[in-house]
Structures are given as structure tokens and as C-alpha cells.
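S.K.: Below: one structure in C-alpha cells.
The values are calculated or read from the model by the stated rules, or taken from the named source; none is laboratory data. Because the structure is a prediction, the values reported are computed rather than measured. All Cβ positions, even for glycine, are placed from backbone atoms using ideal geometry, and neighbour counts span all protein chains on display. Heads up: the accessible areas ignore ligands, DNA and RNA and are worked out on the full protein's heavy atoms, side chains in. Shrake-Rupley method; radii C 1.70, N 1.55, O 1.52, S 1.80 Å.
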Amino acid sequence: MNIKWLIGAISVGLFISCENVKEAQTVSNSYPSVFPDYTFTAIPYNIAPLNFEVKGAQEIRADFAGEGVNLLTVTGKHEIRIPKKKWKEMLDKLKDKDLEVTVSVWNSSSPEGVRYKPFTVRVASDAIDEWIAYRLIEPGYEGWNMLGIYQRNLTSFEEKEIATNRADKSKCMNCHSFANYSPQQMIFHVRGEGGGTALWKDGELSKLPLETTGPKKSGTYPMWHPNGRYIVFSSNLTRQSFLSEGEKALEVYDLQSDLILYDTQTKKVLTDKRFMDEAHWETFPAWSADGKSLYYCGALPKNMPIDYQNLHYSLCKVDFDEATGTFGERIDTIYNAERDGGSVSFPRLSPDGHYLLYTKAACATFPIWHKEADLKMLRLSDGEELDVEILNSAETESYHSWSSNGRWILFRSRRLDGRYTRLFIAWMDEKGNIHKPFLLPQSTVEHNVLRTKSYNIPEFIKGEVTLPQKQLNALFFPQK
């Protein structure tokens, strides 16, 4: 007998469940209705297990196979919870191959069991960054005093606090950003008395002197320059109106917005008069991958909030000289919203510099409650708009970010219930094709529906953030 074949057979056998499992007596020609919908998605080989359920099932069996060989059988009463170790070993063997999943269900209407048509999940060899960071908040923002910035390990279900306002609920925390995906370089805002912008850099936590330096403007939406020296902010005077009619619960808008640049070496705030006047509003800045250009959203001011439906933000670009910290003379309009309609927000450039992903809504600056808001993508080499409809739904899609290798897109969507934003992940392969997104895996399926918080500003990071909590409390949450 071939020794290599024997070793392979033994290793496969170790994956097969030792339990005595039932066989379904009926075969269906339809696919199972699993939640979350992981059918025909593409996943990274280092993602946490895709636990799922079938509505109405009293018993479930899931057989996982690769290249025609059964690798693992898992059973459950109401859901399938996949052992993490076996899941990891299985995905390691199936890089760049399909995982075939066959689901069988028993319930009162099918006591003998139904085996559904198998579906596949593509296992990509492109790894995903191990950690992501996000804010958890009530969806209507009336619960702003019960929030925090958290981090989640994508290879497991581990979630940890980065910073919360548990020590002082009078303060709001928001708008975190990282330099080149580094957990060692981070900024975020603490709103309220004694608040400010926190800078975590080179092992030190400090408070940026934005409101006492230069034009004395606060920073709102930040973005680190790729070289780690500069941080660009939009400085926004933001308000929100709660709506009593229509589908939107609220509208968030600006009364003014400018761009400022902070130099972490000189600790100075740099400005350009073109981005400081009242004749134009600029917001949501984003650097190109090489740091030589700044993209941002710009609009002509309107009478807010009365005229918010006529407020349209275009996508603009200006060159940047990192040696002098100055912007070029020419400003290009990449997408002209006044001419072509809609309103652009959240531009994000792919790490390879080839693509620009953004959110487009019908109007205004903050698309979080706009059902029509969708993700759009431009190819920067020729400005062509690419087809990314596979990312969108009938509900709101809004904030998004790229993984450090440019292969994974993380974004928020309200597609599950129209109220809570949850996180979805999609693969963009080396040919530029985007695959069906999947819901962020959780340890239990009910976690997806019972967590009554919205995920806000999801960002990839290359490691775990460990802020010095004593310094954080001393700076922003001193004991009263």
C-alpha cells in the first residue's frame, strides 16, 4: 500500500466526526435557506468558522467536503457550530479550492430528514488582516453615552475593548483612524468637557493641540498620510435632525467644513486658504496609496437643514508635496455631483493605488440613513466606473475599508433588518473581480440579531491595540 496515500487517508479520517449521525431520507433539488447566507461566497483561509442555522430546523447536519472527500461532519439542534481547530485545518488544506457544504434538516414537517443540494464556498489563499476595529453605538445615536471603540480578531471570535466611555458617560468617542494599519499609531476623538483628539504613537498617548494651534479648529474626520507624519482632518460643524416622516430616522449634516493638516513632527497645524473659506465645504479626506494626492468630498454650501436635498458632494483631488506639507495648485474633479447627480462620501483608495471605493447617495453628506446609498468603485487608471452591484442591497451600504493586501473589503450594511448596521466582508481577487460578501462570523448565530448595537467605522488593523488605560483615563476621564 502507498504510504503517502495511507497517511493522507488517516489525516482525512481525523476530520470526520466520530458521532453516529443520522442520514436524511429525502433528497431536495433546492439549496438550503441558511442564515447567515454563506452560500457561494468567498472567504479567506484564516477566517473564523462560519456558524449558521436553518430556520425551523430541530436537528441539523452539515457535511463539509473538498475535492470530493468528506472532511468534517457537524451536527446540531438548531444551528451548526463548527469546531475552530478542525475548521482551521480544513481551510488550510483547501486554499484556492472550493469547500462543498451539504446540509440536512429534520423537523416536524420532515421527521425523516431532508438533504439539500450542496453549495460551495471558495477558500481564497489571500489572507485577511487578523484584526478589525469599530465603534459600537445605538443606531439612532440617542444612546451616545453608552458606546466604545472595540477590536475583533477575525481568526477567532475574540472581541476586546480599545476605549470606552464607561468611566464618564458624558463624553462621546468617535472617528478612530490608524496609520498604515498599525495598532501602534492611532487617533480618535473624545467629545465633551475636557475631551479632544487622542494620539497613540510610538508608545505614548497624548492629546493633540488642534483647538489651540493655528486656526484653532477641531478635527472631525481624520486620515493618516502613508508616511505616518501627517494627519489630515476635515473640521466640521455637524448637526443632526430627527425626522418624523419618511423612511429616514434622522439626517446628519454640516453647517460648515474645512480641511486642516497636522504635522506630528513639528506639532503644527498647516492650512491652505482654498480649503478654509466659506464658499466651499470640504469633508471626508483620503490619501492616495503613494501619498502624493489627497482626495476629498466638496460641495457648494446650502441653507441647512431646509435645503439638504439639494446638497451634492463631488469627489475632488489635489496633489500633495510631503517634503513641504503643501498642496498643488490644480484641483481636479473626479466625479461631478452637480452635473451627474447624487452625492459622494467616504472615498477610500486601495493599497495598490488602482481603485477608489466610495459611497453614493441621492444627496447630503452622511448616507447612514439613506436607503438608496450604495457602494461605487472607480478604476483610477482610466476613471471607469466598475460594476460592484454584488456589494449592494435594497438597504443602506455606507462606510468601508480595504485590507492591507487590497484583497478584502469591509463595509457596513443595514441589509438584515433596515435598522442596525452590521459588517460584511467581500473578496476582490487578483483579476479585480468582486465576490459575494458574507456577514462577519459570530460564535453563535443569535449574536447577529440580539446585539442591539450598530457597527461604525470598521477599519482593518494588523495587530491588537493595547492602549495604556491609566493614561487614557488621566487625559480624558479624570475622576471627579
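S.K.: Please go through (1) within 23 Å of residue 357 (Cα to Cα); (2) in a loop (DSSP other than H, G, I, E, B); (3) not aromatic (Phe, Trp, Tyr) for residue 286 and return the number of the only condition it doesn't satisfy.
M.R.: Among (1) within 23 Å of residue 357 (Cα to Cα); (2) in a loop (DSSP other than H, G, I, E, B); (3) not aromatic (Phe, Trp, Tyr), the lone unmet condition for residue 286 is (2).
S.K.: Further question: Under 9 Å by Cβ, and 6 or more places apart or on different chains, what pairs join a residue from the stretch 138-160 that is within 13 Å of residue 440 (Cα to Cα) and among the charged types (D, E, K, R) with one that is modelled with pLDDT of 80 or more and open to solvent by 50 Å² or more (accessible area, probe 1.4 Å)?
M.R.: Once the first residue is within 13 Å of residue 440 (Cα to Cα) and among the charged types (D, E, K, R) and sits in the stretch 138-160, its partners that are modelled with pLDDT of 80 or more and open to solvent by 50 Å² or more (accessible area, probe 1.4 Å) give 152/158; 152/159; 152/160.
S.K.: OK, next. For the stretch 192-216, what are the residues that are under 26 Å from the mean Cα position of the chain (by Cα), under 13 Å from residue 233 (Cβ atoms) and of a type in the set (Asp, Glu)?
M.R.: If the condition is that a residue be under 26 Å from the mean Cα position of the chain (by Cα), under 13 Å from residue 233 (Cβ atoms) and of a type in the set (Asp, Glu), then no residue fits.
S.K.: Show the residue pairs that are 6+ apart or on different chains and have beta-carbon atoms under 8 Å apart, the first residue being within the stretch 232-251 and over 26 Å from residue 196 (Cα atoms), the second being of a type in the set (S, T, N, Q) and modelled with pLDDT under 75.
M.R.: Pairs that qualify, where the first residue is over 26 Å from residue 196 (Cα atoms) and the partner is of a type in the set (S, T, N, Q) and modelled with pLDDT under 75: there are none.
S.K.: Anything in the stretch 302-336 that is touching an Asp or Glu at 6+ places or on another chain (Cβ under 8 Å), open to solvent by 30 Å² or more (accessible area, probe 1.4 Å), modelled with pLDDT of 95 or more and in a loop (DSSP other than H, G, I, E, B)? List them, or say none.
M.R.: Hit for the stretch 302-336 is 312, nothing else.
S.K.: Still on this model: Give me the residue from the stretch 395-415 that is among the hydroxyl-bearing types (Ser, Thr, Tyr) and outside any strand (DSSP E or B) and, out of that set, farthest from residue 372 (Cα to Cα).
M.R.: 404
S.K.: Working only within the stretch 40-69, note down all residues that are polar (S, T, N, Q) and closer than 24 Å to residue 107 by Cβ.
M.R.: 51, 58
So that you can scan it fast, the table gives a plain yes or no per residue for (1) touching a strand residue (DSSP E or B) at 6+ places or on another chain (Cβ under 8 Å); (2) part of a strand (DSSP E or B); (3) in contact (Cβ under 8 Å) with a residue 40 or more places away in the chain; (4) within 21 Å of residue 343 (Cα to Cα):
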position: 371; (1), (2), (3), (4): no, no, yes, yes
position: 375; (1), (2), (3), (4): yes, yes, no, yes
position: 393; (1), (2), (3), (4): yes, no, no, yes
position: 417; (1), (2), (3), (4): no, no, no, no
position: 420; (1), (2), (3), (4): yes, no, yes, no
position: 436; (1), (2), (3), (4): yes, no, yes, no
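S.K.: With the checklist (1) over 24 Å from the mean Cα position of the chain (by Cα); (2) closer than 25 Å to residue 414 by Cβ; (3) among the basic types (Lys, Arg) in hand, flag the one item residue 330 doesn't pass.
M.R.: (2)
S.K.: Scanning the stretch 337-360 for residues that are assigned to a strand (DSSP E or B) and among the charged types (D, E, K, R), which turns out surrounded by the most Cβ atoms within 10 Å (Cβ to Cβ)?
M.R.: Across the stretch 337-360, the extreme among qualifying residues is 360.
S.K.: Here are the criteria: (1) buried (at least 19 other Cβ atoms within 10 Å of the Cβ); (2) not in a loop (DSSP other than H, G, I, E, B). Tell me which single one residue 363 does not satisfy.
M.R.: Status for residue 363: all satisfied but (2).
S.K.: Failed condition for residue 286, given (1) over 16 Å from residue 365 (Cβ atoms); (2) at pLDDT 95 or above, with all others met?
M.R.: (1)
S.K.: When the residues of the stretch 84-142 are narrowed to those that are aromatic (Phe, Trp, Tyr) and closer than 13 Å to residue 32 by Cβ, which ends up most open to solvent (accessible area, probe 1.4 Å)?
M.R.: The extreme case among them is 116.
S.K.: Might you check whether a residue that is crowded, with 16+ Cβ neighbours inside 10 Å, among the basic types (Lys, Arg) and either part of a strand (DSSP E or B) or modelled with pLDDT under 95 (or both) occurs anywhere in the stretch 153-163?
M.R.: Within the stretch 153-163, not a single residue is crowded, with 16+ Cβ neighbours inside 10 Å, among the basic types (Lys, Arg) and either part of a strand (DSSP E or B) or modelled with pLDDT under 95 (or both).
S.K.: Identify the residue in the stretch 50-67 that is assigned to a loop (DSSP other than H, G, I, E, B) and of a type outside the set (S, T, N, Q) and, among all such residues, is most open to solvent (accessible area, probe 1.4 Å).
M.R.: The extreme case among them is 55.
S.K.: Is it the case that some residue within the stretch 280-300 is open to solvent by less than 10 Å² (accessible area, probe 1.4 Å), farther than 14 Å from residue 234 by Cβ and in contact with an Asp or Glu (Cβ under 7 Å, 6 or more places away or on another chain)?
M.R.: Yes: one or more hits.
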